[in-house]
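Inspection log for the structure reproduced underneath, given as structure tokens.
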Amino acid sequence: MEKQEAENRINKLRLEIKRLRDLYHIQNAPSVTDDVYESLTRELKELLKKYPEFIDSNSYENRVAGKPLDKFEKVKHKNRMLSLNDVFSKEEVLDWDKRIKKLLPNNKHIEYFCEIKFDGLAVSLIYKNGKLAQGATRGDGFVGEDITENLKTINSIPLVLNSKGVIPEYIEVRGEALMSKKTLENLNKINKKEGQTLFANTRNAAAGSLRQLDPLLAKERNLDFYAYDIAEIKIKDSNIPIKTHKDKHSLLYDLNFNVGEYDKVCSSLEEIFDFINKFEKVRDSFPFGTDGIVISVNDLNLQGILGVVGKAPRYMAAFKYPAERATTIIKDIKVNVGRTGVLTPLAIFSPTLVAGSTVSKATLHNMDQIERLDIRIGDTVVIEKAGDVIPKVVEALIKMRTGKEKKFKMPSLCPVCKGIIKKKEVGNNKSGDSSVAFYCTNTKCKAKDERYLEHFISVFEIYEMGPKIIRRFKDEGLITDSADVFTLEKEDIASMERFGEKSAENIIKEIELKKKISLARFIWALGILHVGEETSRDLANHFKTLDKIKVAREEELNEIENIGGVVAKSVYDFFRDKDNIDFINKLEKNGVVILKAEGEKKGKFSGFNFVLTGTLSSMSREIAKEKIINLGGKVSGSVSKNTSFVLVGEDPGSKQKEAEKLGVKILKEEEFLRMIK
Ligand code: IVH
């Protein structure tokens, strides 16, 4: 066969194999028998062996999905995967801009970068010498799951990087895995026909698809990928400039990734607002679900100065478009009992489409809200939903009333345990107005336990035990509290109706695997009032062991950065309650092992104490402090003989004099900048 002829044949074979595969996997309608398909594949392989110049690493035949997995392996992210802080209006964009300008050198002109915020699943892709080596989910930002095999089935993820320029030795690409609106529509049509549950939106569908253990199933879902960031890059050619966020996007584009076609550098706030307005007009007809606009400071140097606070970078903001609304009729108002015993009224209605999701419940927050909006059962109401959040009822259309609507009353007994319901005043909004919360007074209330159990089990990441299973285990008396989970035996479960050997084994295996837990997650799992994921991490980082947290004084807790009086008191009180201590002891007795928290950050400032005084010209004091801590140093408020350096800016206070008196080394800003380079 002539070379030209071979090339034509190869192209034809590729097209036909792809068509047959799609028929088989995506439309579930094979048009030829397996041996016909295999024979074509064999011919393609043989031709490529003879004419390797036509091998295309990114082509369809190289996206053969691997074997189904038993479970996804965990992977530690080399670079933490962050989240974004939201802004909900143009005023909030202005506030964000003011805040960051305060932290940057005076009168610095800032260039911004605007891009679409895709509504899918965050993914990290690592390429080594141009080859896709690993693809992972975000997880909790520190540890995700290895979903490489599934990601390989996405055609817009290059398996091998092609570029006209130099290929990086190492690159970590961040982006969003997505399902198009059209694909979701088709998928739901099929699911409906087959009596399966429908996906509420494109994000759930994309996430569900990537969580399939069988890559072939993931492949059927026809996902897409858009790249939006480079978390790390090593490249030999230093001529490739990566000085701005825009440069990152250009390089991603050159490496053959999809990048948002609306990306734009904006040199003023007006241009940002213009971008926001323009995209709003086409948002509905955009092929993918979107979640707003990401606004970044374009210059990577300035990004470095602004840094990260908590989970999110200061140099980026996620602009969210106003929530979408729809109307529906309230069929009933139910009451939910939360983990802390507080009752939340919930409006129930027929499935209603709003903001791209089908919903049948919306929160009414509390009794005050119901009275303020005068909401009754049977009312036609306006519901509102923005992005991820639970929809809420915002208005009753009083003109639509027929006279048959019924007023709602909070029950006087707990709907779950018949415990007595009491009212208490809570200060719960920004303006400090208080409202009334109703709560169940029974400390042994089953609903409280159940919510707590769900929280506990999800923090321990025992995925095999969903809420339904937890409820069954409780109802059947297998467990009474979360510590009992660790005493479950395979036989206990396997003998229950609807549980087989296999599912019992999976549950037990998973519990065994998750018995070892980091200190931060353990604290989070305890469900201490006001102590969420971030505060738990702060406590773990500060104290390193649970024993030290147990005996910490309230003032000591209060002194920790990011922990205020209310939180300190709550932590202190928690560890003074004998029931809580008994519970922790029971967990440890049942085999839970708390892993040691990592040591303090090590770096070139380890062992050095800094004191800051005066105004710095290149960055704010707050940022300088962060940099010191990140390099392992400590920052104190006053000079003593333990101080290693006093960093002095303009108009220093008395601290400079004290340093001179004690003979402590004084650092000028330029020296400091050289040290942190
Ligand atoms: S930049 C600091 N750009 O939004 C985190 N994120 O709310 C870097 N997302 O986890 C995010 N489109 O999954 C960025 N163009 C875009 C995005 C985007 C969607 C997602 C991403 C992230 C989440 C944060």
Compare the peptides 409-419, 138-148 by average per-residue count of other Cβ atoms within 10 angstrom and give them in order, highest first. 138-148, 409-419
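Let me have the relative contact order for the chain, percent, based on Cα pairs under 8 Å that are six or more residues apart. Display every interim value, and only then the final one.
Details: 1139 pairs, mean separation 63.2, N = 677.
Reported relative contact order: 9 percent.
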For the stretch 229-353, the Cα convex hull volume per residue in Å³ comes to 196
For TYR463 and LYS98, calculate 0.36 nm times their separation in residues minus their Cα-Cα distance, and state this gained length in nm to one decimal. 127.1 nm
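Taking the Kirkwood radius as the inverse of the mean 1/r across Cα pairs, report the Rg/Rh of the stretch 258-313. Working shown, then result.
Values: Rg = 13.5 Å, Rh = 13.3 Å.
My calculation puts Rg/Rh at 1.02.
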Among the aspartates and glutamates, which have Cα under 17 Å from the Cα of LYS423 when same-chain residues fewer than 8 positions away are ignored? ASP368, GLU371, ASP433
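Shape call for the stretch 281-374 from the C-alpha gyration tensor, a ≥ b ≥ c root eigenvalues: rounded (a/c under 1.5), prolate (a/b greater than b/c) or oblate? Let's see the in-between values first.
Details: a/c = 3.37, a/b = 1.70, b/c = 1.98.
Taking the square roots of the gyration eigenvalues as a ≥ b ≥ c, the stretch 281-374 is oblate.
Averaging over all projection directions, find the projected area of the Cα convex hull of the chain and quote it in nm² with one decimal place.
Details: hull surface 149.1 nm².
About 37.3 nm², averaged over all directions.
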Listed peptides 172-185, 609-622 by packing density, highest first (mean Cβ within 10 Å): 172-185, 609-622
Quick one: the Cα spread of the stretch 104-229 along its three principal axes, in angstroms, biggest first? 61, 37, 31
Rounded to whole Å, give me the distance from the Cα center of the stretch 154-176 to that of the stretch 606-677. 42
Rounded to two decimals, the Rg over Rh value of the stretch 374-520 from Cα coordinates and the Kirkwood Rh reads 1.09
Using the Cα centre as the reference, give the magnitude of the dipole from point charges on the C-beta atoms of the chain (Lys, Arg: +1; Asp, Glu: -1; all else neutral), rounded to the nearest 20 debye. 900
Using every pair of alpha-carbon atoms in the stretch 511-578, split the distances into 5 Å bins beginning at 0 and state the percent of pairs per bin, rounded to integers. 3, 18, 30, 28, 11, 5, 3, 1
Among ASN188, LEU82, VAL648, whose Cα lies farthest out toward the positive end of the dipole of the chain, if unit charges sit on the beta carbon of Lys, Arg (+1) and Asp, Glu (-1)? VAL648
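Within the chain, what whole-number % of the accessible surface is contributed by carbon and sulfur, with the 1.4 Å probe and all protein chains included in the calculation?
Details: 18360 of 36300 Å².
Whole-percent figure for carbon plus sulfur exposure: 51.
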Over the alpha-carbon set of the stretch 447-489, work out the extent along each principal axis and list the three values in angstrom, largest first. 24, 22, 17
Residues in the stretch 6-20 that a label on TYR51 would reach, taking backbone N under 12 Å of a point 7 Å out along Cα→Cβ: 6-14
Which of LEU151, SER163, THR244, positive extreme of dipole for the stretch 147-260 (C-beta unit charges): LEU151
Please compute the alpha carbon radius of gyration of the stretch 552-677, then divide it by the globular-protein estimate 2.2 N^0.38 Å. Two decimals is fine. 1.42
Please work out, to two decimal places, the log10 of the ratio I(q)/I(0) at q = 0.21, 0.22 Å⁻¹ from a Debye calculation in which every Cα of the stretch 526-618 carries one identical scatterer. -1.15, -1.22
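Would you mind working out the magnitude of the charge dipole of the stretch 549-592 relative to its Cα centre, with +1 at each Lys and Arg C-beta and -1 at each Asp and Glu C-beta, to the nearest 20 Debye? Numbers along the way, then the final one.
Numbers: 7 positive and 10 negative charges, 53 e Å.
Dipole of the stretch 549-592, to the nearest 20 debye: 260 debye.
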Approximate shape of the stretch 286-435 as ellipsoid semi-axes (Cα gyration tensor, √5λ), whole Å, largest first: 36, 22, 13
Quick check on my link table: of LYS78/LYS677; LYS392/LYS474; LYS76/LYS468, which ones sit more than 25 Å apart, alpha carbon to alpha carbon? LYS392/LYS474; LYS76/LYS468
From the cross-link list LYS182/LYS502; LYS424/LYS569; LYS71/LYS548; LYS361/LYS409, the entries with a Cα-Cα span beyond 28 Å are LYS182/LYS502; LYS71/LYS548
Place a point 7 Å from Cα of ASP577 in the direction of its Cβ. Which residues in the stretch 519-541 have their backbone N less than 13 Å from it? 526-531
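Could you list, in their original order, any pairs among LYS45/LYS131; LYS101/LYS604; LYS12/LYS193 whose Cα atoms are separated by more than 31 Å?
On the way: LYS45/LYS131 21 Å; LYS101/LYS604 29 Å; LYS12/LYS193 34 Å.
From LYS45/LYS131; LYS101/LYS604; LYS12/LYS193, over 31 Å: LYS12/LYS193.
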Two-decimal log10 I(q)/I(0) for the stretch 165-319, as the Debye equation yields it once each C-alpha is a single scatterer, q = 0.19, 0.20 Å⁻¹: -1.27, -1.33
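For ARG471 and LYS668, what is the calculated FRET efficiency with R₀ set at 45 Å and r taken between the beta-carbons, to the nearest 0.05?
Numbers: r = 64 Å, r/R0 = 1.43.
For R0 = 45 Å, the calculated efficiency reads 0.10.
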For labels at LYS444 and GLU555 in the simple 7 Å Cα→Cβ model, what's the distance in nm? 4.1
Mind checking which aspartates and glutamates have their C-alpha under 16 Å from LYS311, skipping anything on the same chain fewer than 8 residues away? ASP86, ASP140, GLU533, GLU534, ASP538, GLU561, GLU626
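The values are calculated or read from the model by the stated rules, or taken from the named source; none is laboratory data. Everything numeric in this text was worked out from a predicted model, so none of it was measured. Methodologically, a virtual Cβ is constructed for each residue, glycine included, from the backbone with ideal geometry; neighbour enumeration extends over all protein chains shown. Just so you know, the surface numbers come from the protein's heavy atoms only, side chains and all, with ligands and any DNA or RNA stripped out. Shrake-Rupley method; radii C 1.70, N 1.55, O 1.52, S 1.80 Å.
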